[in-house]
Each structure stands twice: as C-alpha cells, then as structure tokens.
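Novice: Dropping the structure in here first, questions after.
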2 protein chains.
Amino acid sequence: MSTRNIKLTVAYDGTHYHGFQEQRGTGLPTVQEALEAVLSQLAQKPVQVIGAGRTDAGVHALGQVVNFRCDPWRIPVERTPLAMNPLLPADISVLKAEPVPQDFHARFSAIAKTYRYSIYHHRIMSPLQRLYCHHEPRRLDTGAMKQAAQYLLGTHDFKSFQAQGTPVRDTVRTIYRAEVVEEGPLIHIYVRGNGFLYNMVRIIAGTLLKAGLGKIKPEEMEHIIASKNRVLAGVTVPPRGLCLMEVEYSK
Amino acid sequence: MSTRNIKLTVAYDGTHYHGFQEQRGTGLPTVQEALEAVLSQLAQKPVQVIGAGRTDAGVHALGQVVNFRCDPWRIPVERTPLAMNPLLPADISVLKAEPVPQDFHARFSAIAKTYRYSIYHHRIMSPLQRLYCHHEPRRLDTGAMKQAAQYLLGTHDFKSFQAQGTPVRDTVRTIYRAEVVEEGPLIHIYVRGNGFLYNMVRIIAGTLLKAGLGKIKPEEMEHIIASKNRVLAGVTVPPRGLCLMEVEYSK
C-alpha cells in the first residue's frame with residue numbers, strides 16, 4: 001500500500017503563535033509545530049506538514065489547509081479530526097480531513113485563497129473583539145472604501161502592496177474579489193486572489209483605510225497600483241485583524 | 001460643590017479575571033480592582049466602585065454598569081472614558097460615563113438586566129469562539145429550546161434555577177424576555193429580568209440545552225419551575241458563554 005497523502009482544513013487563533021511556520025528562527029511556538037507534534041504522536045514517527053499559507057505571527061485562520069504524507073496512517077481519514085483535536089491546544093482545531101492524490105501539495109496546488117481583514121470601527125474598542133480586529137476610532141467613509149476596493153480587481157502588478165525588501169520577482173497577481181462588508185461596528189474586507197505577496201492583504205487594508213479616512217480619493221488606487229511604489233500605499237495594519245478564510249483547489 | 005456620583009458603562013473580557021468582584025478571597029485580579037486602580041490614580045485618592053452585576057470568574061460583559069462617588073472629580077464626566085481607557089488593561093473598556101443623582105446605586109437602582117448565553121453548536125469548536133461560547137457538538141432541536149424558553153416568562157419562584165446552598169430567601173423573580181436566537185452555528189439565549197439568582201442564567205441555559213437534546217420535553221419546564229428543586233433543572237453550563245449585556249434604570 002502506498003503512502004497516504006491527507007489534506008486537513010485547520011482553524012486557529014494566531015494570538016499566541018509566531019505564525020504558521022516560523023519565519024526567522026525565534027524559537028517561539030508555531031501552528032505547524034503544534035500540528036506536527038500531534039500527527040507524530042498519532043503516527044508514532046515524525047510527520048511533517050505543508051501549509052497552504054504561511055500566515056504571520058498573530059494572524060488567524062478559519063480555513064487554512066495543510067497536507068501530510070504518512071505510511072501507514074492507521075486512523076480512518078474522516079476520523080482524523082476527532083483523533084487530533086483532543087491532543088491539540090484549544091486555539092487550534094482540525095475541521096476536516098480528506099484523502100488527496102499523491103501529487104497534492106497544499107501550497108503549490110492551491111488555485112485561490114480568501115483572506116478577511118476585520119476592523120472594529122467605533123470610538124472605543126470592544127474587549128471581546130480586541131484579539132480579532134484592528135481598531136479604527138476615526139470617522140470612516142465606507143462608501144469610499146468600497147469604491148477604492150474595486151480598483152484591485154483583475155490582474156495587476158501589486159508591487160506597491162508588497163513588504164519592502166521581499167525577494168519576490170514576479171509581483172503580478174489576480175484578484176477575483178475585493179469586497180468591503182459592514183456588519184454593525186465591524187468592517188470586513190474580503191480579498192480573494194490566485195496568490196498574495198508578503199503582507200499584501202494588510203497593506204491593501206491599510207490603503208482602503210486611507211481611502212475611508214479621506215486621505216486618498218478612491219480613484220487614486222489606479223495610480224498607486226501603476227506606480228509600483230510601496231510608499232504610496234497605506235501602512236501595514238496589525239496582524240490581529242487578518243484571517244485566512246479559505247484555500248481553493250481545482251477538482 | 002457636592003460629591004459627584006458618576007455612572008460608567010463597562011465592557012470586559014472576563015477570561016483572565018476572578019469575576020467582577022472577588023467572591024471568596026482568592027487574591028486573583030478582579031474587574032472591580034482594575035477599575036478602582038485607574039479611578040484612584042486619576043483622582044489621586046482612593047475611589048471605590050459599586051457594580052450592578054457581580055459577574056463570576058470567566059463571565060464577560062458588554063454593558064456592565066458601575067457607579068463611583070468622588071469629590072472633586074476634575075475630569076469632565078463625558079471625557080472620563082477617554083481618560084480611563086489608556087490606563088486600563090486591553091480586556092476592559094469604559095464605554096460611557098454619565099452624571100447621576102446622589103442616590104443612584106448601580107446595583108440597588110437597577111430595574112432590569114439582560115444576559116446573553118452563547119453556544120457554539122457545531123461538531124468541532126471554532127478556536128476564535130472558544131473564549132466566548134460554550135461548545136455543544138451534539139444534535140440540538142432549537143425549536144424545542146425556543147418552546148421551553150417561553151415557560152420562563154413572567155413571575156415565578158426560580159428556586160430550581162439557583163445554585164444549591166445560596167443563602168437567598170426570596171427566590172421570586174420576573175423574566176420579561178427569554179429568547180433563543182440562531183446566528184449560523186451560534187445559538188444565543190437572551191434573558192431579561194428584574195433580577196437573577198446566583199448562577200440562574202447558566203442553569204437556565206443548561207436546562208434549555210436539555211430540552212434541545214431531547215432529554216426533557218419543553219412542557220416539562222412548567223413542572224421543573226413548580227418543583228423548586230434544583231436537581232430537576234439542567235447543569236450549570238460554563239461561565240465563558242455568559243455575557244452581561246445591559247442594565248436598565250428608571251428614568
């Protein structure tokens with residue numbers, strides 16, 4: 001029997017993790033390590049996981065996808081979440097497990113990802129939202145944010161929306177959805193695309209906030225994108241508002 | 001000028017507190033202490049607060065009310081939240097401050113309180129909901145829960161819904177609202193009444209869950225109330241699902 005390749009859908013509260021996968025060798029706990037520890041315990045040998053999105057420290061996920069290969073894997077695939085969850089810390093849950101073909105790779109096989117950036121728009125921060133939202137107490141024109149978001153749609157060179165100093169050559173990405181959804185004092189920015197540059201969603205959120213605050217006009221988005229100049233876009237807003245919602249694969 | 005009496009509306013994440021007001025001298029931090037420390041710092045003398053609801057360890061609030069008297073209080077009343085919030089920990093926020101008459105007492109002047117008990121109804125707990133919801137993975141008949149809730153309305157002796165061994169003689173309370181609201185995987189139980197016995201809302205939630213699980217029929221609520229027997233009601237569900245939403249006063 002060949003090695004099994006298993007896909008897991010994972011949710012986590014990133015507050016206490018140094019990201020999904022450690023970026024700079026700090027020794028702080030990562031979500032990947034927590035998953036590997038439990039899988040290795042169940043398999044009674046070392047198991048490595050591949051994550052679709054290398055979420056940063058403090059970033060959350062409701063639909064991260066990972067895969068791992070293990071031979072043998074004695075737990076029925078569909079029961080894997082039930083075996084893993086009691087062994088995982090309460091801030092990580094495996095939502096689903098599915099068998100996938102040998103060549104499935106959580107990162108390289110992904111065709112689209114959806115992120116949500118959440119802003120708590122109120123004069124005073126709600127303590128119950130503080131871990132999962134960025135706080136913006138100033139007056140915001142959400143109409144302007146919605147208008148500005150439209151300029152992101154389509155295929156563009158998003159170099160202006162990449163953390164400076166990132167060694168990525170091809171900065172062209174396609175954005176399929178860029179939507180600003182209001183829900184009481186919450187403003188959710190949903191961005192779905194075929195791929196994202198480092199810090200791209202947080203810089204997009206910072207730029208849409210600039211439009212909401214009236215510091216740029218929505219139509220200036222066109223120029224900001226065309227300039228390929230990081231300095232013209234908004235600040236990188238804090239990680240706590242960001243959540244990886246979904247990773248899609250071709251059937 | 002006479003001493004000022006100031007009413008504050010306060011929100012907090014109760015996860016890391018031993019309740020609003022310490023109950024059994026454990027020395028763990030309380031919300032009351034955190035508020036008093038900041039008010040005393042601002043007033044440069046000891047200030048004591050009176051809370052409307054003595055929420056238990058782990059219980060949250062979005063609309064707790066407290067009052068404090070201080071002479072002089074040099075901060076304009078309406079700006080008091082802006083002065084307090086930067087000095088408070090991030091899990092406590094003052095939402096509003098209002099001057100009130102000398103005889104206003106946050107607890108004794110209250111005419112109604114609203115609590116919400118939140119249940120995450122899904123096979124697997126969401127890590128982002130774990131601090132603010134009770135997890136119920138089993139199949140629930142929410143129609144039965146809604147029906148059962150109706151029996152709570154009106155004036156009853158709620159002795160069956162009081163923690164055993166509580167030295168309260170008068171266990172008659174009036175419930176104005178008992179509503180089960182579904183919101184995706186969340187089930188919120190709202191209870192508004194003129195007063196609540198110790199653990200009453202958590203026992204109500206535990207009893208409605210029994211109805212949802214089919215362990216009691218909704219119409220058995222009538223007998224459970226009439227019996228004045230704590231043993232017939234459901235278990236006291238965990239504090240994390242409970243939130244004090246609002247405290248009302250006569251105008």
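The values are calculated or read from the model by the stated rules, or taken from the named source; none is laboratory data. Computed from a predicted structure; not experimentally measured. Cβ atoms come from the backbone with ideal geometry, glycine included; neighbour counts cover every protein chain shown.
Novice: Would you confirm whether or not the stretch B:16-29 contains a residue that is among the polar types (S, T, N, Q), modelled with pLDDT of 95 or more and out of contact with any helix residue (DSSP H, G or I) (no Cβ under 7 Å at 6 or more places or on another chain)?
Specialist: No, the stretch B:16-29 contains no residue that is among the polar types (S, T, N, Q), modelled with pLDDT of 95 or more and out of contact with any helix residue (DSSP H, G or I) (no Cβ under 7 Å at 6 or more places or on another chain).
Novice: If you go through the stretch B:177-197 one residue at a time, how many are surrounded by fewer than 13 Cβ atoms within 10 Å (Cβ to Cβ) and of a type outside the set (Asp, Glu)?
Specialist: 1
Novice: Sticking with this structure for a sec: For the stretch A:171-251, give me every one of the strands (runs of 3 or more DSSP E) that falls completely inside it and has 1 or more residues that are of a type in the set (S, T, N, Q).
Specialist: A:172-183
Novice: While we're looking at this one, here's another question. Do any residues in the stretch B:137-148 that are at pLDDT 95 or above have Cβ atoms under 9 Å from those of residues that are among the acidic types (Asp, Glu) and assigned to a loop (DSSP other than H, G, I, E, B), where the two are at least six apart or on different chains, and which pairs are they?
Specialist: Correct list of pairs: B:Gln147/B:Glu219; B:Ala148/B:Glu219.
Novice: Within the stretch B:101-109, does at least one residue satisfy the condition of being of a type outside the set (Val, Ile, Thr), on the phi < 0 side of the Ramachandran plot and within 14 Å of chain A (Cβ to nearest Cβ)?
Specialist: Checked the stretch B:101-109: no residue is of a type outside the set (Val, Ile, Thr), on the phi < 0 side of the Ramachandran plot and within 14 Å of chain A (Cβ to nearest Cβ).
Novice: For the stretch A:89-100, give me each residue that is closer than 20 Å to A:Arg4 by Cβ and either within 14 Å of chain B (Cβ to nearest Cβ) or under 16 Å from the mean Cα position of the chain (by Cα) (or both).
Specialist: A:Val94, A:Leu95, A:Lys96, A:Ala97
Novice: Follow-up. Tell me which residues, restricted to the stretch A:53-83, are within 14 Å of another protein chain (Cβ to nearest Cβ) and under 12 Å from A:Thr9 (Cα atoms).
Specialist: Scanning the stretch A:53-83 gives A:Ala61, A:Leu62, A:Gly63, A:Gln64, A:Glu78, A:Thr80, A:Pro81.
Novice: Still on this model: Regarding B:Ala61, is this residue within 18 Å of B:His18 (Cα to Cα) and not assigned by TED's automatic domain parsing to the domain that holds B:Tyr132?
Specialist: The answer is yes for B:Ala61.
Novice: A follow-up question, please. Go through the stretch A:76-102 and give me each residue that's under 30 Å from A:Leu197 (Cα atoms), touching a residue at least 60 places away in the same chain (Cβ under 8 Å) and not polar (S, T, N, Q).
Specialist: A:Asp91, A:Ile92, A:Val94, A:Leu95, A:Lys96, A:Ala97, A:Glu98, A:Pro99, A:Val100, A:Pro101
Novice: Check every one of the strands (runs of 3 or more DSSP E) wholly within the stretch A:41-160 and list those with 2 or more residues that are crowded, with 19+ Cβ neighbours inside 10 Å.
Specialist: Per the criteria, A:49-51, A:60-70, A:92-99, A:110-120.
Novice: Would you confirm whether or not the stretch A:7-23 contains a residue that is more than 29 Å from A:Ser118 (Cβ to Cβ), of a type outside the set (Lys, Arg), crowded, with 20+ Cβ neighbours inside 10 Å and in contact (Cβ under 8 Å) with a residue 12 or more places away in the chain?
Specialist: The answer is no, given that none of the residues of the stretch A:7-23 is more than 29 Å from A:Ser118 (Cβ to Cβ), of a type outside the set (Lys, Arg), crowded, with 20+ Cβ neighbours inside 10 Å and in contact (Cβ under 8 Å) with a residue 12 or more places away in the chain.
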